[in-house]
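Engineer: The structure is given below, and queries will be raised subsequently.
The values are calculated or read from the model by the stated rules, or taken from the named source; none is laboratory data. Fair warning: this is a prediction, and the values are worked out from it, not measured in the lab. Counting neighbours? That spans all protein chains shown, and the Cβs are built from the backbone with ideal geometry, glycine included.
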Amino acid sequence: MSTHPKVPKVYTPKDLAGGGEIFRRLNPPARLAIFGDPVAKSASPFIQNAALGERGIDSKYVRVHVTAEDFSESLAALPKADFLGCNLTMPHKLAALPLMNSVSKEANLMGAINTVAIRDGKLEGFNTDGPGFAAAIKEEFGMPLSSLRVLILGGAGGAGRAITVQCALEKCPSITIANRTLEKGTALAEEIGKRLGVGVDAITFDQEILTKALEASDLIVNATPLGMKEGDPSPLSDLHLGKNHLVYDTVYNGGTTALITQARDAGSKSASGLSMLLHQGAKAFEIWFGEPAPLETMREALKKIAG
Ligand code: NAP
């Protein structure tokens, strides 16, 4: 087994211009990338390069710092630079939709793309955040997402929307989204009702309403950014969690969030967003190469950097 060396360098859109000579000359050549702004702290190169090394694929995965302004041109430059595809992170997931030659049904419903595959020079858009979330829940709690009543905090945000749509696709017995801006929550609930025929309840962060929603839910998901910064409060404030609750915090900050602490104190089972990160990466690998990803190798690579 071989693993590629770590990839600390951050490239720029200029490196992609003129056929991306700089990427072809690397050993192995860079043929996969993550575009983001910021992108320097992305964990994706570590897990994807470990997978490429394990499978003996002669390609490297690099970070490219792409601003919103440079996004469309950078994406269009990838086929000429002989890339197989890329991942997208903030702020490009929504902007990518109209720039694709084709978009998967799931990515269309999720309104966002995090994985692009280049086939015959064409850009194909996918979203692996939703399926990655479902795989993480199965792995962390030993239960299929489809069996759980779910409450998604921040359910109408970027990651929240992918998770809410995934829950609807899996026909979870009940789906509630709590969104700070209620209108965004009700609009998403209405859209899912129309497009998938699945009922979704939209509520605000009102304590009394949240308490009732908690009582009627098995799985509580944090898809707000609360927990990313040290000292952030729990999105549930001091509301009551029970022993039977499963708590999944999509935040992965290398430490413990206030929500995870709250869950532990209440005796609830809890997990951080690292497993979602791992599984969305594994599903992207599967899209690019059409074969199962070396999950355990990717997990080990993630453990090393997550500490
Ligand atoms: P986003 O698009 O900006 O959405 C943020 C959501 O959180 C919105 O619903 C927003 O409500 C809500 N929100 C923001 N601040 C809040 C506050 N103080 N109190 C209550 N609600 C608040 O962000 P995103 O890109 O989806 O990221 C959200 C989280 O998902 C981040 O923590 C990120 O790390 C995590 N994530 C994890 C993974 C993974 O693989 N584990 C992948 C993607 C994202 P409004 O609609 O009212 O603005």
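The rows are residues; the columns are (1) of a type in the set (A, V, I, L, M); (2) within 16 Å of residue 150 (Cα to Cα); (3) in contact (Cβ under 8 Å) with a residue 24 or more places away in the chain; (4) in contact with a Cys (Cβ under 6 Å, 6 or more places away or on another chain).
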position: 202; (1), (2), (3), (4): yes, yes, yes, no
position: 222; (1), (2), (3), (4): no, yes, yes, no
position: 234; (1), (2), (3), (4): no, no, yes, no
position: 246; (1), (2), (3), (4): yes, yes, yes, no
position: 250; (1), (2), (3), (4): no, yes, yes, no
position: 274; (1), (2), (3), (4): yes, no, yes, no
position: 278; (1), (2), (3), (4): yes, no, yes, no
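Engineer: Restricted to segment 172-188, and to residues that are more than 13 Å from the ligand (Cβ to nearest atom) and among the hydrophobic types (A, V, I, L, M, F, W, C), which residue is nearest to residue 239 (Cα to Cα)?
Structural biologist: Out of the qualifying residues, it is 175.
Engineer: Give segment 94-148 a look and list any residue that's of a type in the set (Ser, Thr, Tyr) and either more than 16 Å from the ligand (Cβ to nearest atom) or on the phi > 0 side of the Ramachandran plot (or both), or say none.
Structural biologist: The answer is 102, 104, 146, 147.
Engineer: Same structure, new question: Read through the list (1) in contact with a Ser or Thr (Cβ under 9 Å, 6 or more places away or on another chain); (2) within 23 Å of residue 225 (Cβ to Cβ); (3) buried (at least 23 other Cβ atoms within 10 Å of the Cβ), then give the number of the only condition that residue 65 fails.
Structural biologist: If we test residue 65 against (1) in contact with a Ser or Thr (Cβ under 9 Å, 6 or more places away or on another chain); (2) within 23 Å of residue 225 (Cβ to Cβ); (3) buried (at least 23 other Cβ atoms within 10 Å of the Cβ), just (3) comes out false.
Engineer: Give me the pairs, please: first residue somewhere in segment 126-146 and free of Cβ contacts under 8 Å to residues at least 24 places away in the same chain, second residue anywhere and part of a helix (DSSP H, G or I), beta-carbon distance under 9 Å, and either six or more positions apart or on two chains.
Structural biologist: Final answer for the pair search is 138/145.
Engineer: How about segment 194-241: which of its residues are under 23 Å from the mean Cα position of the chain (by Cα), more than 13 Å from the ligand (Cβ to nearest atom) and either of a type in the set (Gly, Ala, Ser) or not assigned by TED's automatic domain parsing to the domain that holds residue 171 (or both)?
Structural biologist: Matches in segment 194-241: 217 only.
Engineer: Out of the helices (runs of 4 or more DSSP H) lying entirely within segment 72-184, which hold 3 or more residues that are under 26 Å from residue 243 (Cβ atoms) and not assigned by TED's automatic domain parsing to the domain that holds residue 26?
Structural biologist: 129-141, 158-169
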